[in-house]
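Working notes for the structure below.
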Amino acid sequence: QVQLVESGGGSVQAGGSLSLSCAASGRFFSTYTMGWYRQAPGKEREFVAASRWGGRTTECADSVKGRFTVSRDNAKKMVYLQMNSLKPEDTGVYYCAGGPTGRTTRYLASYEYWGKGTQVTVSS
């Protein structure tokens, strides 16, 4: 079983930056598919970014492409999400998620392990 803990959330003004971290523990493998999702109040949880095959493959949702970057440090069992040029619509609870190696990144069911989330608030 894998445990995931997010950190780094906070409040920033539009145009600012935040860096989120996800610490993994337990039976964690470096090749696990690792994703970032977010959920705004009253809305569905949506895909943000993901890293596969130890970070050799990364992708971002169109809404954050060019602004967010996902990376990982396998030796430290850490996954990161660097968020730049933040917009008010980026506000929400950000979740770190993990799934078995090779799982498709953009489907919620691909992930078996979830962190409790960290709040990101972007003000105008």
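Here is how the numbers come out for the structure above:
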| quantity | calculated |
| --- | --- |
| Alpha carbon centroid spacing (whole Å) that separates the range 82-111 from the range 22-49 | 5 |
| Relative contact order [Cα under 8 Å, 6+ residues apart], the chain, whole percent | 34 |
| Length-normalised contact order for the range 36-88 - Cα pairs under 8 Å, 6+ apart - percent | 24 |
| Per residue accessible area of the range 68-124, 1.4 Å probe, in Å² | 49 |
| Gyration tensor over alpha-carbon atoms, the chain, equivalent ellipsoid semi-axes in Å | 23, 14, 13 |
| Counted charge near THR91, where neighbours are those whose Cβ lies closer than 13 Å (Asp, Glu -1; Lys, Arg +1) | 0 |
| Nonlocal amide H pairs with LYS87, under 5 Å, H built at 1.01 Å | GLY15 |
| Net length gained if the chain between LYS43 and ALA14 were fully extended (0.36 nm per residue, minus Cα distance) | 8.4 nm |
| Local electrostatic count, MET78, Cβ distance below 13 Å [Lys/Arg +1, Asp/Glu -1] | +1 |
| 16 Å cut-off, amide nitrogen to a point 7 angstrom out along LYS65 Cα→Cβ, residues in the range 88-118 | 105-106 |
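The values are calculated or read from the model by the stated rules, or taken from the named source; none is laboratory data. Keep in mind the model is a prediction, meaning the values are calculated, not measured. FYI the Cβ positions are ideal-geometry reconstructions off the backbone, even for glycines, and counts take in every protein chain you see. The area values use the complete protein model at the heavy-atom level, side chains included, leaving out ligands, DNA and RNA. Shrake-Rupley method; radii C 1.70, N 1.55, O 1.52, S 1.80 Å.
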